[in-house]
Every structure is written in structure tokens, then in C-alpha cells.
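Visitor: Starting off with a structure, shown below.
The values are calculated or read from the model by the stated rules, or taken from the named source; none is laboratory data. Everything numeric here is computed off the predicted structure, so don't read it as measured data. All Cβ positions, even for glycine, are placed from backbone atoms using ideal geometry, and neighbour counts span all protein chains on display.
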Amino acid sequence: MDEPVRVLLADDHPVYRDGLAALLGSLDGVEVVGTAADGVEAVDGARELQPDVVVMDVQMPRLDGIEATRAITADSPHIGVVVLTMAEEDQTLFAAMRAGARGYLLKGASQGEIVRAITAVAQGEAIFGPAIARRVAEFFAAAPAATPGSAFPQLTSREHEILALVAAGRSNAQIASELYLSPKTVRNNVSNIFTKLHVADRAEAIIRARDAGLGR
């Protein structure tokens with residue numbers, strides 16, 4: 001690419017943000033056009049500056065990186081988002097993918113990996129760090145744990161149980177209380193259900209489940 005890749009950095013840790021900005025700004029082929037300290041600034045900055053790529057942290061105040069990614073990709077689909085985070089959990093990875101991120105790297109990634117991801121995403125590709133790519137492959141290759149007679153054989157028996165309660169209109173807090181699970185466990189299971197059913201939100205999951213006879 002003849003023109004440098006224009007990058008907006010969003011991270012609430014000033015030392016990391018400024019360090020990465022200085023690092024990327026010193027490289028040929030990359031121009032840091034702005035920085036953001038939270039998700040709201042990231043969305044506003046992306047709209048105003050129209051960068052080629054936003055490098056996005058996940059855990060940020062006011063608006064987290066997942067919601068900021070969703071807002072940016074909805075508003076400006078041509079802007080590529082690379083999530084750069086400490087979060088290794090599958091639900092964070094798949095939430096970022098569902099929100100429209102085209103790259104996902106852990107903060108231990110090398111300078112070369114970050115630059116490769118930014119360049120690839122600017123050219124319209126999707127890229128994940130080696131460990132993340134392996135997990136994505138394993139997720140889709142894993143044999144589903146079938147529930148006998150289930151309309152959704154890709155779900156585990158626990159996920160099927162939770163989906164039935166979601167379809168019955170229960171909140172996460174009510175499900176946690178009913179099944180004696182922690183709220184976080186319920187949240188994680190609900191997120192996995194959304195991913196496996198390829199639905200965007202709770203309302204869509206309820207429609208799918210009720211069409212299959214659950215929650216009536």
C-alpha cells in the first residue's frame with residue numbers, strides 16, 4: 001500500500017496507549033491519526049477521523065470495546081477493527097467477532113504481529129493471533145455434545161436447559177437462582193448459545209427456541 005494505514009488507538013491505560021502510539025507512529029506504512037481513552041471517544045473519533053483501522057481494547061469505561069466495535073462497524077462498515085486485549089475467554093473472542101471485529105490479538109502479541117494484523121485488516125482481511133486462531137478452529141471442529149431429542153444438537157445439555165428458560169422469559173438472574181449457578185456462569189452459557197445458534201441477541205434466540213417448541 002502506497003498510502004500509510006491510518007490508525008485510531010483506543011485503550012484506557014495511558015501508558016500502554018501512548019507507548020503503542022509512539023511505536024506504531026515510528027513505523028513506515030502506519031500513521032496514528034488519533035487516540036481514545038474509552039469506547040465513547042473511540043466511536044466519536046472513528047466517525048470524525050474515518051481511520052482505516054481502529055485498534056480496540058475491550059475493558060474500557062463508559063462504553064466497552066465490544067459495544068464500541070458494534071457501533072463503529074454499523075456506522076462505518078469500511079473501518080476495520082482489531083481487538084487488542086488481555087481477555088482470552090472464548091465468550092469475549094466470539095462477542096468481538098459477532099460485533100464485527102476483523103482481528104483479535106492478545107496484548108502479549110509482538111510488534112510484528114500487531115503491524116501484520118493492522119495491515120491485513122486495512123486490506124479487508126480477517127486475522128487472529130496463532131493461539132486465537134487455534135481456538136476458533138477447535139470451537140468449530142469440536143463435535144457437539146448432543147442432547148437426546150434436542151432441536152439444537154450443537155448445544156450441551158446445560159445450554160439446552162438454559163435456552164429453555166430464556167425462551168420462557170426468565171432473566172439471567174432468575175436462571176442463576178433457579179439452577180443454582182453463578183450469574184457469570186449463566187452469562188457465559190447464554191453467550192455460547194448465541195454463538196452456536198448464530199443469533200445476534202436474546203430476542204432472536206427466544207424466537208428460534210420457541211419455534212422449536214421450547215419455553216411454551
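Visitor: With the requirement that a residue be among the hydrophobic types (A, V, I, L, M, F, W, C) and either on the phi > 0 side of the Ramachandran plot or surrounded by fewer than 19 Cβ atoms within 10 Å (Cβ to Cβ) (or both), what does the range 206-216 give you?
Guide: Ile206, Ile207, Ala212
Visitor: Out of Ala96, Ala21, Ala68, which single residue is assigned to a helix (DSSP H, G or I), on the phi < 0 side of the Ramachandran plot and touching a residue at least 40 places away in the same chain (Cβ under 8 Å)?
Guide: Ala68
Visitor: Still on this structure, I have one more. In the range 163-205, what count of residues is obtained for those that are crowded, with 18+ Cβ neighbours inside 10 Å, within 22 Å of the chain's Cα centre (by Cα) and over 22 Å from Met97 (Cβ atoms)?
Guide: The qualifying residues number 0.
Visitor: Sticking with this structure for a sec: If you check Gln59 against the conditions, is it modelled with pLDDT under 85 and either assigned by TED's automatic domain parsing to the domain that holds Glu31 or at positive phi (or both)?
Guide: no
Visitor: Let me ask something additional. Looking only at the range 28-56, count how many residues are part of a loop (DSSP other than H, G, I, E, B), modelled with pLDDT of 95 or more and within 22 Å of Glu113 (Cβ to Cβ).
Guide: Residues meeting the conditions: 2.
Visitor: A follow-up question, please. Among the residues of the range 150-157, is there at least one that is modelled with pLDDT of 90 or more, more than 30 Å from Val7 (Cβ to Cβ) and not in a helix (DSSP H, G or I)?
Guide: no
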